[in-house]
Each structure stands twice: as structure tokens, then as C-alpha cells.
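Throughout, read-outs are computed from the coordinates displayed, never taken from laboratory work. Since the model is a prediction, treat every value here as computed from it, not as a measurement. Cβ sites come from the backbone with ideal geometry, for glycine too, and all protein chains shown count toward neighbours.
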Amino acid sequence: RSHREPPGQPRRSRPTVVGSGHTPGTPPRPHRPGSSETIVSTASTPPIDATTTPAWADLTAHQAALDPDLRTWFAQDPGRAARLTFDAADLHVDLSKNLVTDETLELLVRLADDVDLVGRRDAMFRGDHINVTEDRAVLHTALRRPAGAVPGLTVDGQDVDADVHTELAKVYAFADKVRSGEWKGVTGERVRTVVNIGIGGSDLGPVMAYEALLPYKAEDLDVRFVSNIDPTDVAEKTAGLDPRTTLFIVASKTFGTLETLTNARLARDWLWTELAAVGALDIDSEDARTAAVGKHFVAVSTALDKVAAFGIDPANAFGFWDWVGGRYSVDSAIGTSLAIAIGPARFEEFLAGFHAIDEHFRTAPLAQNVPALMGLLNVWNVNFLGAHTHAVLPYAQYLHRFPAYLQQLTMESNGKSVRWDGSPVTTETGEVFWGEPGTNGQHAFYQLIHQGTRLIPADFIAVANPAHPLVDSSAGEVDVHSLFLANFFAQTKALAFGKTADEVRAEGTPEDLVSARVFSGNRPTTSILAPALTPSVLGQLIALYEHITFVQGVVWGIDSFDQWGVELGKKLANEIAPAVAGDASALAEQDPSTQSLIGWYLEQRS
Ligand code: F6P
């Protein structure tokens, strides 16, 4: 892995312009766009402790005095819904069913000012090394800048725009070749199935987006995704495939990830064996095997030397850069499988969607800035209302992998106990994100959201126009999508307004059952609507959550772009592997519980 230093010993990044003169704990002077003031990077200065800011103190007092009552708030304030609904590109976002007043939002925006959210945001877009512990820029937003954007973006001597568009052109040219059939396998047949091999950000983004955009996929091409090192994954995903028409994409930022390299080797063996089985390969000929890999394997990575060492021709490799975090990489060459499936034109629309939200986040005043407000609301829910988790509930079956995708984005980014200067965090961070598509979730876990003892903020996501506008003729020409969305609207209404004991009684409920049927309401939700699940809207949704995650990280003072917490388990897996393979001395070095578990496992293995 390219990670260079242990956690807790952050490296100091190079400021863009030295000499911040910033005193820790006080907000730095923000740069005024258009002014001749020198831009001062605060990338490596200690984070401002949000909990010591005046806004935090005011929010604490405000929360103590607040008695959330959405019924009364809506009844007394007919303008509430309109005032707390915002549009960002194609996204229509209603925040009004959250447990906030206008004053709450004003205070949250003040908190953002106190921690210099705008300064940090601008530093990110500018390419300052805000990934402090890895001393890297954070430039996923550069991946979707349109060609020819003015002014251009040069960071650390790299012409970022030129490199991004050169690489995109390579991906598009390759995608076109595969889609048109110009790219041929060893027997001269065209590709029918693409298998993306990757894990984490090299899998979750591509598979989520592929599933979300299935209606845009080329009919004569399918994509499968192998991620787990559980050998059943590669076995199941290659089952039934014709090796002559199968193309593997090995996607790995580092090209050093155990799961991906193991699966890539298994896939390569599968290819050779299956090609030989159909008489398309002399398996004893190294040249023939190399030629087969050349036609059936491509790679996506930042480590092109390792790609070559694996046996994939670097000419068949697509690159990206260390300033793209794995969980922020679906819009880089990591999305090659998606670009093949939906084609370059649709992929361009996907990128344009991201960019539209980037521009909104970069330019909208914080009080109307949807990612900023949603990130601040999450801070409110976590730090002032005590929420531990956050549900994401897409009312769009094509978004069924979106919550899983968001789990890596949010939890790998903000699951931190130290701040970017290595000091302990000063408040709770990183809530647990989870979810399932509605209405399935309604029949599984919504009970707890409605009547449990925990506060669970939830984002409801839906589109107005489905890909399949089916009508239930037998039930009287019912538009099924409208019925589906009736559930969305009903759930958010029930969560907000609940049902009082008097209302339950009025239904004739026996007194001893009344309390079980009461819904307290005041369960916060955000509703996100879009016209349709187009490539652009999907890009907008992803960018929205990327920036929400960033906003929370800035308030908490954490580096949302490293992931040291996954390193220990990886290291131990390598150390334990010999013990699991039967090495007695390696087994003896393990703790008693691990020894016993491995011992039981070894006994059971036939
Ligand atoms: O283990 C965590 C992680 O580093 C993720 O951040 C990343 O998305 C995933 O592993 C896969 O890494 P790579 O793309 O380098 O194979």
C-alpha cells in the first residue's frame, strides 16, 4: 500500500502560500474571492475546535431550550416547507421535516463560519493538501471539470485538467472499441461480458452506478463485479461465462490489495483453463497465455508499474492519481466498466451531474447551500440531538446499492477519533450510515424508526419518472410508481407528525392498546426528489453526499480522506494466514481465542 506513515503521526502538508499567521482556535481570515488578498492555505494548520466556538455554545443553549414539535411548527408557520426546501441542480431537497427552526439553521451556518468551512472548501477545490496525514491534495472535483474550464487547474506542477481529459479520452476510446466490437478476444470474438475485479472504492462505486443506470446499458453487454476474496465470489461471477467473450478489468488504486490481486490471479487461471477447454489456447505456451491476458485483461490503477508486473500490458491500463481517494473514484478511470456499459456520452452526462453539484457547493451561500446544510444538519443530529446512525432510504429500486456505497463514502471518511493534527476529536464523529430501498425497509426495520427509543434521521430519495411506468390494470389502472411514492410521502409524514393518543382513541381502539398504537412523531427526515434517475442525477446524488461528508469532517476537524483504520486488520490477516494454512509455530504466536478458533476451523476442514 502506498500509505507511508502510521496513524497519529500526521505529516505536515505544504501550504500553498506560507505564513498563515493563524492562531489555533480562532477562525482564520477567509479569502475574499476577487480580492487581491494573498490566499493562505490552512491545510496543515491545526483544526479549529468547533466545540469551543461561540456558535457551538449558542447551539448548545438553543438545543437545551428547544422542544421540537413538527406538528405545531408546521401549523403555525405555513411558509416553513417552502422556506426549508432548496433546489440544487436537478435535486429538490426538503429539509423542513428536520428538528430545526430557522434559528437552528442560522446557528449551524454560523458554526460553519466559525470553523471556516468556506476556507477549507476552497482549499479543497484549489488542490491544497487537505489530506494532511497523507500529504495529498483532494481533487475528486477535478475529475468532472469540463474540458477547457477557465481558469485551468494546475496543482503541484501538474496540469490537472489536461491529465484528467487525456485519461478520460483513453477510457472513452476503449469503451467505444468494446461497445462496437472492435476490441476482440483471442478467437476474434467481441466482448459480451465485462468482469470488474476490485474492492472498496474500486467496486462499490462502479457496481452501484451500473445497477442504478441499468436502463442506459448496452443491451448486448453485461457487467459483473467480483470483490470478495471469498472464492465463491469469483466462482459464481465467472459461472456460465464464455472465456472467448469475457473481458476482465482489474481495478485497484494501489494494485496492492490482497483481495483484488488474488481474484485477478484466479480469474486469469480461469481464463486460461476455460480457453484451453474450448480449444482456443495452448495452455503450455507462455506466449499464448500472455497473448490471452493481453486481449482479455485491462487494468485501472495509479500504480502502472505493478500493473505491468502482473502481466497486463501498460498500454491496456488506465490511470488516475493519488489525489483521488478510492471512495471518491467512481468518476475516474475506476468507472471504466460503467463507461463501457452506458457509453462515453452517458458517462459525460454522469460527470456533468457531479460538476453541477460541485458548482452549487462551491458558489451557493451557505444558507442556501444544500450539501452544506445537509452536512450541518447531520452535525446537529449527531452532536446536539444524540443520533448515532443515519438511514438512507431510496424509493428507487435501481438505487439498491446506494446505501452500501454511502457506507464506505461516509464511514471510511468520517470514522475517526483523531483530528487532522493527530489530537483527539473533541466531540462525537462519524454516525453509522445504513439503509435499504423502500418499500422493502418498511416491512423490515421501519418499526424501530417509528416507535423505537432511538432518534434515527433518515434521507428519503425518489425520482418522479420511473424507467418502467407500469400500470396495474387489474386494480383499476393504478400507476404503480405513484402508489410506490405514496409510500414515500406517507412514511415521511408519519415520521414527522405521528399519531396522538386521542387520534388512536378516535379510531375506536380499546384503551389498553392505545399506547402501543401511538406514534410520537418528530422523527427527522430529509426528502430528496429528482425528475428521473438519469446519469446526471446519479452524479448529482453522489456529489451531494461527497460534500455532505466533507462538511461534517470539517466541523469535526478530521481528515476525511485517509483510512488508517483499515490497515491493522490487513496486516494481521497476512500474519495470521500461515497459521490458518497449518503452520504450528505461527499458530502458537496467536492469542488463546484466535488459536482456539483457528484450531476448530482446521479440524472442520475436510
Ligand atoms: O481498505 C481500504 C481501501 O484502501 C479503500 O480505501 C479502497 O477503496 C480499497 O481499500 C481498495 O483499494 P485499491 O483500490 O487500492 O485496491
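One table, with the values for the structure above:
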read-out	value
Distance from the stretch 240-295 to the stretch 385-416 (C-alpha centre basis), Å	34 Å
Cubic angstrom per residue, convex hull over Cα atoms of the stretch 540-606	150 Å³
Global size of the stretch 46-169 as Cα Rg and Dmax, reported in angstrom	20.1, 57
Spatially close lysines, pair count over the stretch 90-225: Cα under 25 Å, gap of eight or more or interchain	4
Volume of the Cα convex hull of the stretch 351-482, divided per residue and given in Å³	162 Å³
Relative packing of peptides 504-517, 553-566, 326-339 - highest average C-beta neighbours within 10 Å first	326-339, 553-566, 504-517
Footprinting exposure proxy for His388, His140, His468 (fewest neighbouring C-beta atoms within 10 Å first)	His468, His388, His140
Relative contact order %, the stretch 403-545, counting alpha carbon pairs below 8 Å whose residues are six or more apart	26 percent
Whichever aspartates and glutamates have a C-alpha closer than 12 Å to that of Lys570, once near sequence neighbours (fewer than 8 apart) are set aside	Glu259
Contour minus Cα-Cα distance for Ala345 and His388 (0.36 nm per residue)	11.4 nm
Average silhouette area of the chain, convex hull of alpha-carbon atoms, in square nanometres	33.7 nm²
Distance (nanometres) between label positions extended 7 Å along Cα→Cβ at Ala277 and Lys184	2.5 nm
Using distinct alpha-carbon pairs, which all enter the 1/r mean, Kirkwood radius of the stretch 120-182 in Å	13.1 Å
Contour excess over end-to-end distance, with Cα ends at Arg83 and Ala64 and 0.36 nm allotted per residue	4.4 nm
P(r) tail fraction, the stretch 251-373 - alpha-carbon pairs more than 25 Å apart, %	41 percent
Folded to 0 to 90 degrees: helix 344-363 orientation relative to the chain principal axis, Cα	40 degrees
10 Å binning of all Cα-Cα separations within the stretch 379-437, expressed as whole percents from 0 upward	23, 43, 26, 8, 1
Stokes-Einstein diffusion coefficient of the stretch 450-565, Kirkwood radius over Cα pairs, 37 °C, 0.692 mPa s, in µm²/s	184 µm²/s
Percent of alpha-carbon pairs separated by more than 29 Å within the stretch 83-234	47 percent
Cut-off 14 Å, label 7 Å out along Cα→Cβ of Ala367, residues of the stretch 56-82 by amide N	none
Distant-in-sequence amide H partners of Phe297 (H built 1.01 Å from N, under 5 Å)	Phe248
Three principal axis lengths of the stretch 442-500 [C-alpha, angstrom, descending]	41, 22, 20
Exposure proxy ranking, count of Cβ atoms within 10 Å, fewest first, for Asp90, Asp282	Asp282, Asp90
Convex hull volume per residue for the stretch 247-296, taking Cα atoms only, in Å³	75 Å³
Cα-projected label distance for Asp230 with Ala218, points at 7 Å along beta-carbon direction, nm	3.2 nm
Separation in nanometres of the label points that stand 7 Å from Cα toward Cβ, at Ala577 and Ser515	5.7 nm
Rounded tilt (10° steps) of 535-556 against the dominant C-alpha axis of the chain	70 degrees
Using alpha-carbon coordinates, inclination of helix 102-114 to the longest axis of the chain, degrees	50 degrees
